[in-house]
């Protein structure tokens, strides 16, 4: 097996190119009342539809409304070995950005499942050195009604 | 919530913004909310050993702040259709963030009254580090 150090970024990009377009099931995400409130609190929202179930219902929602961008929390796996900020292959990984299509409102109590599809792989020179740029699209589907509620394109930078 | 904004009343060039004073507590609450426990966002020694000038505000946090700006602006009758940001710049833990949007286009499509915006987040140094775009649907009069 060839180690990461022996492969160039271009070789990695060529290898990962074969995964473009291949969808893989991802995570199950729980949208809980506690999760909604914590997300809203962290961002300093004042709108009570994120905190108070009665206030949310008064606006016609079935439960707390999920703040923009909050698509639940993954169920923690105690056997997961991922180290924050580090990828399995490269010494450093950065989040390069995201685009989110909000298709339907999400509420506390929803359980979402994701499907992730790599959509491009590239290499470019940056001030941090050669950088591998991977863009993927994740589709978020609500389990209770099968509705796609959001699609997000994420850019991951490895170097 | 602020008074409802209507599509008819918005012109290209219209600018919206909020100011957000950051501190370590906000970053720790965000770490818990997001599950991002990378130490560069709360451990000063770790950040400096990784050649960073300070503990840094999470890129995603800045992106989600744009969601907060848009949510507050579109009101109960409006809707965020899409938004996105690149995470390019660094902001230290005690920076004051300006989260902004500026209308670049207004149009009707599929029965919706839509507005496109440029969006971004910058600190006190005024350098735009999270450029992006957004589309929202607003109610018409």
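Laboratory data are not the source of any read-out in this text; all were calculated from the coordinates shown. As the structure is a computational prediction, the values presented were derived from the model and not from experiment. Cβ placement follows ideal geometry from the backbone for every residue including glycine, while neighbour counts extend to all protein chains displayed.
Rank A:52, A:14, A:77 by mean-square fluctuation in a GNM of chain A with C-alpha springs under 10 angstrom and give only the top-ranked residue.
Highest fluctuation of the listed residues: A:77.
Which ordering of A:90, A:50 is given by a fewest-first count of other beta-carbon atoms within 10 Å?
A:90, A:50
To the nearest 0.05, how large is the calculated FRET efficiency for residue A:11 and residue B:126 if R₀ is 30 Å and r is the Cβ-Cβ distance?
0.15
Suppose each label sits 7 Å from its Cα in the direction of the beta carbon; what would the residue B:17-residue A:53 distance come out to in nanometres?
4.1
Using only alpha carbons, build the gyration tensor for region A:85-159 and give me the equivalent ellipsoid semi-axes, biggest first, whole Å.
Here the semi-axes work out to 30, 12, 10 Å.
Would you mind computing, in nm to one decimal, how far apart the modelled labels at residue B:118 and residue A:104 are, each placed 7 Å from Cα along Cα→Cβ?
With each label point 7 Å from Cα toward Cβ, the separation is 3.6 nm.
Using Cα atoms only, what is the angle between the long axis of helix A:33-43 and the major principal axis of chain A, expressed in degrees (0 to 90) to the nearest 10?
Helix A:33-43 sits at roughly 70 degrees to that axis.
If you line up the Cα atoms of region B:19-64 on their principal axes, what length do they span on each, largest first, in Å?
Principal extents (Cα only, largest first): 27, 23, 18 Å.
On average, how much area does the Cα convex hull of region B:67-123 cover when viewed from any direction, in nm²?
Reported value for the Cα convex hull: 4.7 nm².
Between region A:1-69 and region A:86-159, what's the alpha-carbon centroid distance in Å?
Cα centroid to Cα centroid, the span is 9 Å.
Residues in region A:20-62, backbone N under 14 Å from the label point at residue A:143 (7 Å along the Cα-to-beta-carbon vector): list them, ranges by number please.
Inside the label zone: A:26-32.
If you project the alpha carbons of the protein assembly as shown onto the principal axes, what extent comes out on each, in Å, largest first?
63, 45, 36
Need one number for chain A: average projected area of the convex hull over its C-alpha atoms, nm².
Its Cα hull, projected and averaged over all orientations, spans 11.2 nm².
So if I average 1/r over every pair of distinct C-alpha atoms in chain B and take the inverse, what Kirkwood radius in Å does that give?
Taking every pair of different Cα atoms in chain B, averaging 1/r and inverting gives 16.0 Å.
Using the scaling law 2.2 N^0.38 Å as the reference, what is the normalised Cα Rg of region B:1-45?
Normalised Cα radius of gyration, region B:1-45: 1.88.
Within the P(r) computed for region A:8-84, what percentage of the Cα pairs occupies the region above 21 Å?
52
Report the residues of region B:52-80 in range of a label on residue A:92: point 7 Å along Cα→C-beta, backbone N strictly under 16 Å from it.
So the set is B:52-57, B:59.
Only residues of region A:94-118 count here: report those whose backbone N is under 18 Å from the spot 7 Å along Cα→Cβ of residue A:34, or say none.
A:108-112
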